[in-house]
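To start, the structure under review is shown below, and the notes come after it.
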Amino acid sequence: KQEVTQIPAALSVPEGENLVLNCSFTDSAIYNLQWFRQDPGKGLTSLLLIQSSQREQTSGRLNASLDKSSGRSTLYIAASQPGDSATYLCAVIDSGYALNFGKGTSLLVTP
Amino acid sequence: KAGVTQTPRYLIKTRGQQVTLSCSPISGHRSVSWYQQTPGQGLQFLFEYFSETQRNKGNFPGRFSGRQFSNSRSEMNVSTLELGDSALYLCASSVGTGAMNTEAFFGQGTRLTVV
């Protein structure tokens, strides 16, 4: 059974800092890995999708990497802003068409 | 392009009642999946449908069921509601055909409160 772990569970940083969120998974037989953002009481917003054959994806200030063999992904956020405050979720999808989620990292960026 | 639409946004039900939630996927998406989100358990997979067929089901009791219509819209039903069913129910859609088309897009969710 796929287990997804996200570290740290919570993070507080001052505005302008670069930061890294970590995600690990136990079964490397994945199709893709997807990073999401969730604001309180809202749905999930897709940030980046990395297909299993890719090593990284970039979108604006976000960069996600994938090392499938070691079961790890990182999400790098450059020059953090207060608007980045949210919960960040990592999920892997396998042949069962189900997203397996980590518990998330709650990020607070202070002005 | 319209996103994933879930209705209703909020529901309050009494224990023992049943409830039906609806999800309209992004146009052209044939896969719809459902997730339950609670503070204690996080996001848990309920089931996934593709072209009206259930392809996978999570570890939930039989009180949780779903279906998908020919226009890809999906409904999930929870019968004999329990207090523990209080949660945010999220629906996601994707193209659904093959490993290259699994990017999931989520709706805003339905907040179900059972009293």
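Only the coordinates and a few stated rules stand behind these numbers; no lab work does. Note that this is a predicted model, so its numbers are computed, not measured. Positions of Cβ are generated from backbone atoms using ideal geometry, with glycine treated the same way; all protein chains shown enter the neighbour counts.
So here's what we get for this one:
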read-out	value
Inter-centroid distance (Cα atoms) of the stretch A:1-22 relative to the stretch B:67-92, Å	30
Shielding score for A:100-108, defined as the mean number of other chain Cβ atoms within 10 Å	2
Length-normalised contact order of the stretch A:15-111 in % [C-alpha pairs under 8 Å, at least 6 apart]	34
Most to least packed among B:25-33, B:2-10 [average Cβ atoms within 10 Å]	B:25-33, B:2-10
Fluctuation leader among A:29, A:98, A:86 - chain A, Gaussian network, Cα springs under 10 angstrom	A:98
Candidates A:88, A:76, A:31, ranked by Gaussian network fluctuation over chain A, Cα under 10 Å, top entry	A:31
Per-residue mean of C-beta atoms belonging to partner chains within 10 Å, peptide B:9-20	0
Theoretical FRET efficiency, 1/(1+(r/R0)^6), r = Cβ-Cβ of residue B:60 and residue A:18, R0 30 Å, to 0.05	0.15
Estimated FRET transfer efficiency when R0 is 25 angstrom, pair residue B:22-residue A:39 (beta carbons, to 0.05)	0.65
Point-charge dipole on Cβ atoms (K/R +1, D/E -1) for the protein assembly as shown, about Cα centre, debye to 20	540
For B:102-109, mean number of other protein chain Cβ atoms within 10 Å	6
Order of B:45, B:105 under a 10 Å beta carbon neighbour criterion, fewest first	B:105, B:45
Relative contact order (%) - chain B, alpha-carbon pairs under 8 angstrom, separation at least six	36
